[in-house]
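The values are calculated or read from the model by the stated rules, or taken from the named source; none is laboratory data. Predicted, not measured: the structure shown is a model, and the values here were computed from it. A quick note on method: Cβ atoms are made from the backbone with ideal geometry, for glycine too, and the neighbour counts reach across all protein chains shown.
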């Protein structure tokens, strides 16, 4: 070896030593190595996360989506009865026995807001129909011989009993029937990703969320890609529509004033690291497992991936880690960062991956094998050695 070559080698080795002194972090990399993930989970400062190897216990606990049941918490033991409110138009039928009393003849009294029905049938007790009674902004109606009667916030039955108590002194054995002919105070609003957004009247049948959405023409896309936001009394609860369809307890009765907003939000997950195709993918109508996600990414790269370093990044409820008897990486929050580890170097890892279901927002990552980093180091050594030789040649020509 000539002196020039020896100088080039010595210079290359010196440059290589400098690179090694700086550590492997100076080398290009697609993400953390297996050792980086393990050491990161043990850090006591900075951003902390929990590292959870996937076994049968973990698979049973979080491998199958349990569904969002937030709406079920708003469920009443019985359907809420509809009450009268400003703008409602009422019809009142009054029946009495005998020819005596204020309303002694069958008749119809039409109020300015509407018309009345016909007289009672032959042989029936004398009756009077008063139609078009409007509930004013204060919740009152004005009724003959009863004056102003506050019916706002009352059910139809309660309004009947109140009018009956007011008319008993003036009628002979009266009977009162109240009917709503125009319901404008018991409305729910449906907006967003529905075919016919608008305000929809509620009936004594106590419509549920899915029934009201159906009345609005249904969602404009698949239920799996729809998020339902229910706003009630200033509180908003968001639940995937598929969880309302799949979990009957979520299909609660709609209350007056409810705002139902359908948001188009496709369920997606991401694939990074040593995969053939790094991209974002849809969970699909039937969902996807970790194995499906790896397959969508083209599988693990033979010459690059570390099969022991397949990770699923996800935010979980703290109760999950408590059930697994693991310390919380972060306190005082309703979501904690968790990294689930799959060992695909063993057959059991593939069975776990087949059963473990992905969720929207999940991130799948496959680490590079350690050997790949060493190959990068040796390639760097060769490049530096050649650079040293060229430098020596250039110096010799000066």
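Looking across the range 72-87, just one residue is in contact with a helix residue (DSSP H, G or I) (Cβ under 7 Å, 6 or more places away or on another chain) and at pLDDT 80 or above, and that is 84.
Here residue 280 passes the criteria (1) in contact (Cβ under 8 Å) with a residue 24 or more places away in the chain; (2) more than 25 Å from residue 60 (Cα to Cα) except the one numbered (1). For the residues 214, 236, 208, the requirement of being touching a residue at least 12 places away in the same chain (Cβ under 8 Å) and over 22 Å from residue 363 (Cβ atoms) singles out 208.
The residues in the range 289-305 that are touching a helix residue (DSSP H, G or I) at 6+ places or on another chain (Cβ under 6 Å) and closer than 12 Å to residue 342 by Cβ can be counted, and the count is 3.
Looking at the range 256-315, which of its residues are part of a loop (DSSP other than H, G, I, E, B) and under 20 Å from residue 242 (Cβ atoms)?
Across the range 256-315, the qualifying residues are 265, 266, 267, 283, 284, 285, 286, 287, 288.
Working only within the range 285-305, note down all residues that are over 13 Å from residue 366 (Cα atoms) and at pLDDT 85 or above.
Selection gives 287, 288, 289, 292, 296.
For the range 143-175, the set of residues classified as touching a strand residue (DSSP E or B) at 6+ places or on another chain (Cβ under 9 Å), modelled with pLDDT of 90 or more and within 22 Å of residue 87 (Cβ to Cβ) consists of 148, 149, 150, 151, 152, 156, 157, 159, 160, 162, 163, listed by residue number. Screening residue 243 with (1) surrounded by fewer than 20 Cβ atoms within 10 Å (Cβ to Cβ); (2) farther than 30 Å from residue 367 by Cα; (3) under 15 Å from the mean Cα position of the chain (by Cα) gives one miss only, at (1).
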